[in-house]
Amino acid sequence: MKKFSFLIILSCFLASISLAQKIVPRNDSDETLQIPKAGAITISDREWRILTDALTAENWDKAAFYASGLLNRLKIDNDKKQMAQLRYFYVYALAGRILKFTDAKNKIEEDIAWKELDKAVESLIGKEFILPPRQFMGDCRQSLNYICKVKDNDKAFKVTATNKTGTGIHSFDYVLFDKKIDLQTYLDKQTFLGGTLKRVEFNDDMTKPWVMYLIFEKGFVRVVVNE
């Protein structure tokens, strides 16, 4: 994997802090923007930085614990869609814990981590996720952590989300759309994909270093723009 791929991951976590201020929906999107429900709270920049620092440092225990705590505190989403972002960060960190214990050949802790991930995703089916911003490449046969086309399906995109060395795959993310989306328009921009978690498929053979497939439906696209 090229070193640049890790830089993309790092920028993804940091850029997501300013989602509400920097993201606009596509002009051809049917998405209806929702006013946050009464009582919605916002996670502070300082707290968000603690989480993103843990993620970029690959401190999976701290990141998973902190993301879980923030999710429990939010309860309902706000105008920054922080809850939708936190859901992805949480399962990404839990997958990182599994890869860590697998590498360490710590079967007991690995089994505990699997149970935590299984419990987490069970509660998140049908919930909205927003993935970290990444660049669209199209043909990603030799690259990781980019948004790629899905072969023979012009209504879907995929991302192979890895650790910083590219030696472990946290998830294969598939986002399914109701209509064809042309990301060529956004080749020079960081792009957010999002959708509703439809199902999760786990790896039952950890001799192959990947954890899960995340399949999202009702996909949508937003792009980072300069104000």
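Just so it is clear, none of the values below were taken in a lab; they were calculated from the coordinates. What you see is a predicted model; the values in this text were computed from it and never measured. Cβ coordinates were reconstructed from backbone atoms using ideal geometry, including for glycine residues, and neighbour counts include every protein chain displayed.
General observations
- Excluding same-chain neighbours fewer than eight residues apart, the aspartates and glutamates reachable from LYS189 by a Cα-Cα span under 14 Å are GLU227.
- The stretch 107-180: antiparallel DSSP beta bridges as a percent of all, rounded to 5: 85
- Amide H within-cut-off set for VAL223, under 5 Å, with H built and near neighbours excluded: VAL24, PHE192
- When both bridge partners sit in the stretch 94-227, DSSP labels roughly 75% of those beta bridges antiparallel.
- Measure of compaction for the stretch 77-227 (Cα Rg per 2.2 N^0.38 Å): 1.05
- Principal semi-axes of the equivalent ellipsoid, √(5λ) from the alpha carbon gyration tensor of the stretch 157-227, are 26, 16, 9 Å from largest down.
- Computed with the Debye formula from one identical point scatterer per Cα of the stretch 102-143, without solvent, the log10 of I(q)/I(0) at q = 0.21, 0.24, 0.25, 0.26 Å⁻¹ comes to -0.81, -0.81, -0.82, -0.84.
- Of the peptides 87-99, 193-205, the ranking by mean beta-carbon count within 10 Å, highest at the top, reads 87-99, 193-205.
- Mean projection of the Cα convex hull over all viewing directions, computed for the stretch 187-227: 4.5 nm².
- Scattering curve values for the stretch 151-190, log₁₀ I(q)/I(0), Debye with Cα scatterers, q = 0.17, 0.18 Å⁻¹: -0.61, -0.66
- Within straight-line cross-link reach of LYS115, lysines at Cα separation under 18 Å, skipping those fewer than 8 residues along the same chain: LYS62, LYS100, LYS105, LYS107
- In summary, the aspartates and glutamates within cross-link reach of LYS208, defined as a Cα separation below 12 angstrom excluding same-chain residues under 8 places away, comprise ASP103.
- For the stretch 94-111, backbone phi angles converted through the Karplus equation (6.51, -1.76, 1.60; θ = phi - 60°) give residue-by-residue couplings of 4, 5, x, 5, 4, 4, 4, 6, 5, 4, 7, 6, 9, 5, 5, 5, 4, 5 Hz, Gly and Pro being listed as x.
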